[in-house]
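Novice: Structure below; questions to follow.
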Amino acid sequence: MVKSTIIARVADGLPLAASMDDEQAESMLSEYKSQAKAIFKKLNAHSEPMCSIESGPYCLHYLLDQGVCYLCICEKSFPRKLAFSYLDELAKEFYMSYGSEVEKTNLRPYAFIKFDTFIQKTKRIYEDSRTQHNLSKLNEDLRDVTQIMTKNMEDLLWRGDSLDRLNNMSDRLRDHSEKYRKGARQLNMELMIRKYGIPIAIVLGFIFILYLRYKLF
């Protein structure tokens with residue numbers, strides 16, 4: 001299930017809104033909320049628009065839309081399709097309500113904290129992935145979550161991994177080129193077998209016959 005939600009401006013990481021979590025959740029998720037803030041600092045105009053970042057028992061999913069980052073902390077078992085469907089609903093409502101105000105330079109942190117009302121209402125709908133609403137979402141959502149970049153929090157924070165789209169594209173290109181090379185080698189081998197297989201078989205058969213004649217006669 002969705003444990004917590006934070007909405008921030010991409011340009012400078014300014015928090016715009018967040019879910020009002022109870023004391024127990026606040027204490028349990030404090031480390032992961034700090035990680036979310038670290039993610040906001042790494043975001044820029046070239047960042048992947050959607051990403052899942054694994055950290056301990058949780059997964060931090062984010063969606064970038066209209067210069068705003070929508071991030072939720074979920075249990076690892078929570079379906080990614082539902083997590084991004086949840087973020088998509090938040091993004092649509094937030095943009096309709098506050099889209100024209102997001103870029104104001106004089107905004108204070110959590111200027112749109114009243115948005116928590118909609119966050120809590122939407123979070124309740126997505127609490128159980130087995131409800132009819134969520135089962136329908138899983139079946140109807142055509143988004144291919146396998147194409148969404150997945151990162152490890154340790155790599156991201158301590159090894160300097162990037163969230164940039166260009167870096168991810170280069171990784172994908174390397175993967176595709178490696179697959180292409182393997183496919184090309186296999187195709188060349190098949191062509192060689194088709195071209196020379198029969199003549200080689202005939203020659204080997206002739207040699208075998210000569211060998212038998214020599215041995216028997």
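Novice: Just name the residue that is surrounded by the most Cβ atoms within 10 Å (Cβ to Cβ) out of those in the stretch 95-107 that are part of a helix (DSSP H, G or I) and not aliphatic (A, V, I, L, M).
Specialist: Within the stretch 95-107, the match that is surrounded by the most Cβ atoms within 10 Å (Cβ to Cβ) is TYR98.
Novice: Then there's this: Test TYR110 against the stated conditions and say whether it is modelled with pLDDT of 95 or more, of a type outside the set (A, V, I, L, M, F, W, C), within 15 Å of TYR70 (Cβ to Cβ) and in a loop (DSSP other than H, G, I, E, B).
Specialist: Yes: the conditions hold for TYR110.
Novice: Of everything in the stretch 57-68 that's touching a residue at least 40 places away in the same chain (Cβ under 8 Å) and under 19 Å from LEU29 (Cα atoms), which residue is surrounded by the most Cβ atoms within 10 Å (Cβ to Cβ)?
Specialist: That would be LEU60.
Novice: State yes or no: is TYR86 closer than 15 Å to TYR110 by Cα and of a type in the set (Ser, Thr, Tyr)?
Specialist: no
Novice: Quick one: in the stretch 19-37, of everything that is part of a loop (DSSP other than H, G, I, E, B) and of a type in the set (Asp, Glu), which residue is surrounded by the most Cβ atoms within 10 Å (Cβ to Cβ)?
Specialist: This residue is ASP21.
Novice: Give the residue, chosen from ALA8, ALA45, that is touching a residue at least 24 places away in the same chain (Cβ under 8 Å), among the small types (Gly, Ala, Ser) and buried (at least 21 other Cβ atoms within 10 Å of the Cβ).
Specialist: Step by step, each of ALA8, ALA45 is checked, and only ALA8 is touching a residue at least 24 places away in the same chain (Cβ under 8 Å), among the small types (Gly, Ala, Ser) and buried (at least 21 other Cβ atoms within 10 Å of the Cβ).
Novice: Could you check SER52 against (1) at pLDDT 90 or above; (2) open to solvent by 10 Å² or more (accessible area, probe 1.4 Å) and say which number it fails?
Specialist: (2)
The values are calculated or read from the model by the stated rules, or taken from the named source; none is laboratory data. Please read these numbers as outputs of a predicted model, since none were measured by experiment. All Cβ positions, glycine included, derive from the backbone under ideal geometry; neighbour counts span all protein chains shown. Note: accessible area is taken over every heavy atom of the protein model, side chains too, but ligands, DNA and RNA are not part of it. Shrake-Rupley method; radii C 1.70, N 1.55, O 1.52, S 1.80 Å.
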